[in-house]
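This report refers to the structure that appears directly beneath it.
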Amino acid sequence: MGFKEIGKKIQTAREERGLTQVDLAHALGITQAALSNYELGKRRLYFHQIEQIASVLGKRLDYFIQEENGRKPAPAPKADENALNTVFERISRLDPQELRLLNEFLDYLEWRQDHAPVK
């Protein structure tokens, strides 16, 4: 799912709650301009930001990331189990700040996959 679709869902949920962009931006601790860019899909949203928006708007997280047809994004192909165990082991040693950075990097990788040129 792209940022434009998520942005439309943010706008719809905001309007359902009777909030202006200024109201929601204030609750999120961001500027109205930043929120406008999120709603228009002009600015990348990180997973933790979507979680915060969902919390403020009283929506489940899957409302924002689930496909319109009701399907969740397709799961990634099965990876080598030994490689996954190694990665999980390394992740378990990270501190909270490093986990946040890793999560943002993974968000970027997913975004890059979704926006890769069609070959």
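Projecting label points 7 angstrom from Cα along Cα→Cβ for K42 and A83 puts them 3.9 nm apart. If R0 equals 30 Å, the separation of the Cβ atoms of E104 and Y63 corresponds to a calculated FRET efficiency of about 0.90.
Packing order of peptides 82-95, 101-114, highest average first: 101-114, 82-95 (average count of other Cβ atoms within 10 Å over each peptide's residues).
Here the Karplus relation 6.51 cos²θ - 1.76 cosθ + 1.60, evaluated at θ = phi - 60°, turns the backbone of segment 16-27 into coupling constants of 4, 7, x, 9, 7, 4, 4, 4, 5, 4, 4, 5 Hz, with x for every Gly and Pro.
Highest-first packing order for the peptide set 2-11, 56-65 is 2-11, 56-65, based on the mean count of other beta carbon atoms within 10 Å.
Scalar couplings 3J(HN,Hα) for segment 96-104, obtained by applying the Karplus form with A = 6.51, B = -1.76, C = 1.60 to θ = phi - 60°, are x, 5, 5, 5, 4, 5, 4, 4, 5 Hz; x denotes Gly and Pro.
We did not get these values from a lab; they are worked out from the coordinates using the rules stated. Note that the coordinates shown come from a computational prediction; the quantities given were computed from them, not determined experimentally. No Cβ is skipped: glycine too gets one built from the backbone with ideal geometry, and neighbour counts run over all protein chains shown.
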